[in-house]
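Only one structure is covered here, and it is reproduced in the block below.
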Amino acid sequence: MTDFVKPSRNLSTLTGRAIGDFNMIRNGDRILLGLSGGKDSLSLLHILHYFQQRAPVKFDLGAMTVDPMAGDFDPSPMIPYLEALGVEYHYRREPIMDMAKEHMGRNSYCAFCSRIKRGVMYNTARSKGFNVIALAQHLDDLAESFLMSAFHGGKLKTMKAHYVNDEGDLRIIRPLVYVRERMTRDFAEMNKLPVIADSCPACFAMPTQRQHMKELLAAEEAENTLLFKSLLTTLKPLMSEGLEQARDTDSKAGGSVSAREA
């Protein structure tokens, strides 16, 4: 029988702090986790279940995977895994690679794929009664996005920690925004989580801007061990964009998870 795994104290503390700081989870929420099968989303699945069992607020937790039907990438082992865990699970197959060839235009494949996946997730959340979507981007992802935007977009921006979608009917949360990538990697490896190898052929066809930023940050951190502490201070106002609107949404909901529950 497959069981949930208790997260490390570091993981639960940092995630609980982010959830509390950005008012992410409220009483009565139905949260749909975007589960790719990678180390980050699998780690977040176990962390959210941990909080579900211990937090003073009550919330439902489901998960969904959008299979882009791309090359050797096969997330279907998530189906029996989520069934064994007893989690409400939605698995959708979308021929995104074929769609990209016809409709992608100037966008990169990764950007096109993300947009299609997001639309499928939103529609599934609405049809199944979820009001919150949880995504598993971590602090390293936010730092890379910040540099990409500054270097190539001429803007100071990064991913938001908690915001409302354009239609105003769903909240999107990123509970791992204080967590380092190495922490989810260590958690997944230590507990032998069934991580799906990221083998999408489009992602490996050419070096990406994100990979370049990852290497740049790693080189800088080797010289400056406080790099990500400084970056978090820089990024906090940027990741807070959209938070006021998110706080106003579902304002009648009482209570939220806080760092004290970690």
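The values are calculated or read from the model by the stated rules, or taken from the named source; none is laboratory data. This is a predicted model, so every value here is computed, not measured. Cβ placement follows ideal geometry from the backbone for every residue including glycine, while neighbour counts extend to all protein chains displayed.
Against the conditions (1) out of contact with any Leu (no Cβ under 6 Å at 6 or more places or on another chain); (2) assigned to a loop (DSSP other than H, G, I, E, B); (3) over 26 Å from N123 (Cβ atoms), T2 satisfies every one except (1). Restricting attention to region 89-117 and to residues that are more than 17 Å from G37 (Cβ to Cβ) and charged (D, E, K, R), the residue that is modelled with the highest pLDDT turns out to be R115. Among the residues of region 151-171, those identified as modelled with pLDDT of 95 or more, surrounded by fewer than 23 Cβ atoms within 10 Å (Cβ to Cβ) and aliphatic (A, V, I, L, M) are M159, V164, L170. The set of residues in region 22-35 that are surrounded by fewer than 18 Cβ atoms within 10 Å (Cβ to Cβ) and either under 14 Å from H138 (Cβ atoms) or among the charged types (D, E, K, R) (or both) contains only R30. Here T15 passes the criteria (1) polar (S, T, N, Q); (2) more than 24 Å from S240 (Cβ to Cβ); (3) not in a strand (DSSP E or B) except the one numbered (2). For region 31-60, the candidate set comprises residues that are among the aliphatic types (A, V, I, L, M) and over 14 Å from the mean Cα position of the chain (by Cα); within that set, the residue that is farthest from D186 (Cα to Cα) is V57. Checking the structure you have, find out if any residue of region 66-74 is part of a loop (DSSP other than H, G, I, E, B), over 24 Å from V5 (Cα atoms) and in contact with a Lys or Arg (Cβ under 9 Å, 6 or more places away or on another chain). Checked region 66-74: at least one residue is part of a loop (DSSP other than H, G, I, E, B), over 24 Å from V5 (Cα atoms) and in contact with a Lys or Arg (Cβ under 9 Å, 6 or more places away or on another chain). The test for being modelled with pLDDT of 95 or more, small (G, A, S), out of contact with any helix residue (DSSP H, G or I) (no Cβ under 8 Å at 6 or more places or on another chain) and farther than 30 Å from F4 by Cα holds for S230. Scanning region 172-215 for residues that are modelled with pLDDT of 95 or more and β-branched (V, I, T) gives I172, I173, V177, V179, T184, V195.
When we screen L142, L176, L193, L135 for residues that are within 17 Å of P7 (Cα to Cα), of a type in the set (A, V, I, L, M) and under 15 Å from the mean Cα position of the chain (by Cα), the only hit is L176.
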